[in-house]
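A short write-up of the structure that comes next.
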Amino acid sequence: QVQLVESGGGLAQPGGSLRLSCAASGISIVFRFYTMGWYRQAPGKERELVARVTSGSSTNYADSVKGRFTISRDNAKNTVYLEMNSLKPEDTAVYYCKAERVQTYWGQGTQVTVSS
C-alpha cells in the first residue's frame, strides 16, 4: 500500500521559514522514478501546483514562489522536501505531496499558516 506522509507544517510569521517533508512508503524500490510535487489549497480556492521535481531532478515552480521555495528529493530516504523562505500570509494553505508516474498518489496534507 502506497502512503505519502507530510510533516513540517505549522505556524510561521511573515518573513519566516518552514521545511516540509514527504516520506513515501510502498513505492520505495521505484521512488526514484516518480515525479514528486508539492501542491497547496487555500480555503475557497482550487488546489495549485507549488513545485515539482522529476526523476531526473529537473524542477519547476509556481511563479508566486520562485526565489523563495526550493524543492529537493533524497531518493535514499524516499523523501521529498520543500524549503519555504520569506513566507507570506498568502502562502497559508494545506500543502499536499503528490507522487506521479503511471499512477498518482496524494498525501493527506499538512497545514501551513503564515500570520503575525
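The values are calculated or read from the model by the stated rules, or taken from the named source; none is laboratory data. The structure displayed is predicted, hence computed values, not measured ones. Cβ placement follows ideal geometry from the backbone for every residue including glycine, while neighbour counts extend to all protein chains displayed. The accessibility values were calculated without ligands, DNA or RNA, using every heavy atom of the protein model including side chains. Shrake-Rupley method; radii C 1.70, N 1.55, O 1.52, S 1.80 Å.
Looking at (1) of a type in the set (D, E, K, R); (2) in a strand (DSSP E or B); (3) without any contact (Cβ under 8 Å) to a residue 40 or more places away in the chain, which one does residue 63 not meet, given that it meets all the others?
So residue 63 meets the others, but not (2).
Give me a count of the residues in the range 19-42 that are within 16 Å of residue 93 (Cα to Cα), small (Gly, Ala, Ser) and part of a strand (DSSP E or B).
2
For the range 73-92, state whether one or more residues are under 11 Å from the mean Cα position of the chain (by Cα), under 11 Å from residue 38 (Cβ atoms) and assigned to a loop (DSSP other than H, G, I, E, B).
no
So which residues in the range 20-51 are within 26 Å of residue 1 (Cα to Cα) and open to solvent by 70 Å² or more (accessible area, probe 1.4 Å)?
Selection gives 29, 32, 33, 47, 48.
Mind checking which pairs have a first residue in the range 97-116 that is surrounded by fewer than 20 Cβ atoms within 10 Å (Cβ to Cβ) and a second that is of a type in the set (Phe, Trp, Tyr) and outside any strand (DSSP E or B), Cβ under 6 Å, 6 or more apart or different chains?
101/33; 101/34
For the structure I just gave you, tell me whether residue 40 is among the charged types (D, E, K, R) and in contact (Cβ under 8 Å) with a residue 40 or more places away in the chain.
yes
Does residue 64 satisfy being exposed (fewer than 15 other Cβ atoms within 10 Å of the Cβ) and among the hydroxyl-bearing types (Ser, Thr, Tyr)?
When the stated conditions are applied, residue 64 passes them.
Would you mind stating whether residue 116 is at positive phi and either of a type in the set (Phe, Trp, Tyr) or outside any strand (DSSP E or B) (or both)?
no
Of 56, 16, which residue is outside any strand (DSSP E or B) and out of contact with any strand residue (DSSP E or B) (no Cβ under 8 Å at 6 or more places or on another chain)?
Working: 16 fails: out of contact with any strand residue (DSSP E or B) (no Cβ under 8 Å at 6 or more places or on another chain).
The match here is 56.
Pull out all pairs, ordered by first then second residue, where Cβ-Cβ is under 9 Å, the residues are six or more apart or on different chains, the first lies in the range 5-29 and is more than 29 Å from residue 104 (Cα to Cα), and the second is at pLDDT 95 or above and among the basic types (Lys, Arg).
Cβ pairs passing all conditions: 14/88; 15/88.
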